[in-house]
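Structure first, then comments.
The values are calculated or read from the model by the stated rules, or taken from the named source; none is laboratory data. Only a predicted model underlies this, so the values are computations on that prediction, with no experimental measurement involved. Quick note on the areas: whole protein, heavy atoms, side chains included, nothing else; ligands and nucleic acids left out. Shrake-Rupley method; radii C 1.70, N 1.55, O 1.52, S 1.80 Å.
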Amino acid sequence: MFLVYVIAPVAQSVWISFHDWDGLGAMTWIGLGNYVELLGDDAFYTSLENNLIWLILYLLAVPAGLAAALFLNQTVAGIRIYKSLFFFPFVISQVVVGLIFTWFYAPNFGLFSALIHSLTGTEVAILADERFVTYGIIAAGLWPQIAYCMILYLTGLNNINPEQVEAGRMDSAKGWSLFWHIVLPQLRPATFIAVVVTVIGALRSFDLVSVMTAGGPYGSSRVLSYYMYEEALSEYGFRMGYGAAIAVVLFVIMMVFITFFLVRMIRQERNA
């Protein structure tokens, strides 16, 4: 199943990227023509830059999720209610998240706009300003992503060996020292999964961009996945070969990051 549904489509996408094809007619072999065109495409560089911004800021979900998990991993009154509130963003659709934050940023009636107006006396249209639009969408994406990382870390905290924790306390380890030397090393599997999922989420950030801005204003919030859709599948595109070339570039970037974290984790386990 992995060969049929993952490996074969990846290989087919690479093959299509070497052709000029509208998705219906005959494919025309053009070799590296699509990739050469990418090198001179300003929209591609804008999308690539936005993806890098997504990648850097989206990784904030990992430490934020860990902090939320540590807060919720307590036996105090009402903690189940807090867990439900923190878990809520993860169970709702990304489309709903996009709509919520679109209303949140709305200049006329949005809560964020009202807050900015009360503090500065001016209104800021986040999703209509090329300077802020990408950061506004990333903030919307971080909301459910933090909740997902929190769930991973809560699972990891439940599997921590209590004997190691007690041994650390007997050796006078407490607070930050106990967390850094005893708890955090046991959370490496959860950290690896959280980082990989977050990297993938940052690089394939299509749904929020589509719902909140459709790549605007003036293409300033495009990311590679959305640009691929525009070129290959939208009413402005039907350039399947060019879209496949963008997909291949995105796939290579994703594999570089995931391979780096995977190799690092294997080395840490071998040295442990």
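Quick look at the numbers
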{"quantity": "Solvent-accessible surface (1.4 angstrom probe) belonging to TRP143, in square angstrom, nearest 10", "calculated": "90 Å²"}
{"quantity": "Area of ARG188 that stays accessible when all protein chains are in place (1.4 Å probe, Å², to 10)", "calculated": "90 Å²"}
{"quantity": "Whole-percent carbon and sulfur share, accessible surface of the chain, 1.4 Å", "calculated": "67 percent"}
{"quantity": "Accessible area in the full protein assembly, largest first, 1.4 Å probe, for LEU66, LEU39", "calculated": "LEU39, LEU66"}
{"quantity": "For region 9-151, accessible area per residue (1.4 Å probe, heavy atoms of protein chains only), Å²", "calculated": "57 Å²"}
{"quantity": "Candidates VAL95, VAL256, VAL196: whichever shows maximal mean-square fluctuation once the chain is modelled as a Gaussian network with Cα springs under 10 Å", "calculated": "VAL256"}
